[in-house]
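Worksheet for the structure shown next.
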Amino acid sequence: MRIVRHHEHGAPSVLRLEETEKPQPGPGQVLIRAEAIGVTFAEVQRRQGIPIGGHAELPGAPGGDVAGTIEALGEGVTGFAVGDRVVGDVDHSAYADHVVTGADFLIKIPQDMDAAEATLLPSPAQTAYHAIREAGRLQPGQTIVIDAASGGVGHLAVQIAKALGAGKVIATAGSKAKLDFVRELGADVAIDYTDDDWTDQVLAATDGRGADVVLETVGGDILLKSLGITAQFGTLVFYGSASGDIPPIPTLALSRMKNVAGFSLYAMLYNKQDAVADGRRHLLDLITSGQVRPVVHKRLPLEEAVTAHELMEARAQLGKVVLVP
């Protein structure tokens, strides 16, 4: 079977399509014939040598969100059967015709669900949903700011926030096309964060008080500026660092009764199983009812993984970039 790996860190061109034997599932695992593989920015950073999540080892075999059909079950797997369509976050060797992964966090999907759209369920949709609901504790009628709102997580967060009753959704993005995109998805206000006065624009849209919830995934200077647009008694939810820079949080912001919450989907998966199960059911309902629409920016064949990473590095995507074996 085919698999994409890299044997050095560097530009997207280090990715190589190789031949290898089909893996076999061990205890607690399943073998999935991949139909679609969601590309994540974290794997772009690991390919560059940035140890997101604590590792960037060589040789590298990127992970991703994989949708497909179960072909074999390992010992001890219950609740799934050969032929089930599923999607899950595969942490290693995901860019392949077949993948092996643990069954614990797999999600069953309808037989007629588009595989590429389904790849947004495991990491992007669950991250957006729980960052808003569990970490941000958004209440109906409140205002939320969503940074990087046109990306794989952000475009879902815009829609999920509306579905959860946000009074005003303020989306930030870095180009006219991206601003138009988030408006189409339901953002009440769209602001270009490359404008020097973007934080002033956010404050103006909130009558000077700031937002009740701010979702931040860029880090660096954007993180510090996002603290400034968080309302008193509001919550800044930090769930990633696309810039690779995580500055120290100034204590002055905390003394002004602003809350800073870190979010980790894995912490949710391992420690709040009931909330995760409820969230999955709710997300599937929101998607199948059309309230939340996963957007696939580009579907590329597996052999074009280099192009997929180039798109991600250029920050050119509106929604998700997906590989199709």
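The values are calculated or read from the model by the stated rules, or taken from the named source; none is laboratory data. Being a predicted model, the structure only gives us computed values, none of them experimental. Because the Cβ atoms are built from the backbone with ideal geometry, glycine has one as well, and the counts that use them run over all protein chains shown.
The residue of the range 1-27 that is nearest to GLY83 (Cα to Cα), among those that are in a loop (DSSP other than H, G, I, E, B) and within 25 Å of the chain's Cα centre (by Cα), is LEU15.
Quick check on the range 80-106: of everything there that is at pLDDT 95 or above and surrounded by fewer than 19 Cβ atoms within 10 Å (Cβ to Cβ), which residue is nearest to LEU215 (Cα to Cα)? The extreme case among them is GLY102.
Against the list (1) assigned to a loop (DSSP other than H, G, I, E, B); (2) within 19 Å of the chain's Cα centre (by Cα), the condition GLY141 fails is (2). For GLU117, the requirement of being closer than 15 Å to ALA34 by Cα, assigned to a helix (DSSP H, G or I) and in contact (Cβ under 8 Å) with a residue 12 or more places away in the chain is met.
Checking the condition of a type in the set (A, V, I, L, M, F, W, C), surrounded by 19 or more Cβ atoms within 10 Å (Cβ to Cβ) and out of contact with any strand residue (DSSP E or B) (no Cβ under 9 Å at 6 or more places or on another chain), which residue from ILE160, ILE144 passes?
ILE160
Quick check on my filter: what residues within the range 199-223 are surrounded by fewer than 16 Cβ atoms within 10 Å (Cβ to Cβ) and on the phi < 0 side of the Ramachandran plot? Scanning the range 199-223 gives ASP200, ALA204, ARG209, ASP221. Sort out which residues of the range 60-94 are farther than 20 Å from GLN111 by Cβ and not aliphatic (A, V, I, L, M), and write them in order of number. Residues satisfying the conditions are GLY60, PRO62, GLY63, GLY64, GLY74, GLU75, GLY76, THR78, ASP89, ASP91, HIS92, SER93. Being basic (Lys, Arg), closer than 30 Å to SER175 by Cα and in contact (Cβ under 8 Å) with a residue 24 or more places away in the chain: is that true of LYS320 here? Against the criterion (basic (Lys, Arg), closer than 30 Å to SER175 by Cα and in contact (Cβ under 8 Å) with a residue 24 or more places away in the chain), LYS320 qualifies. Here the condition is being in a strand (DSSP E or B), touching a Ser or Thr at 6+ places or on another chain (Cβ under 9 Å) and not β-branched (Val, Ile, Thr); of ALA72, ALA94, ALA67, it holds for ALA67 alone. Report, ordered by the first and then the second residue, all pairs with beta carbons closer than 8 Å, sequence separation of six or more or different chains, a first member in the range 51-75 that is farther than 20 Å from LEU120 by Cα, and a second member that is in a loop (DSSP other than H, G, I, E, B) and charged (D, E, K, R). As it stands, the answer is LEU58/GLU8, since those pairs meet every condition given.
Scoring LEU31 on the criteria (1) part of a loop (DSSP other than H, G, I, E, B); (2) at pLDDT 95 or above leaves a single failure, condition (1). Inspection of the range 108-126 finds a residue satisfying the criterion of being within 20 Å of GLU75 (Cα to Cα) and assigned by TED's automatic domain parsing to the domain that holds GLY68.
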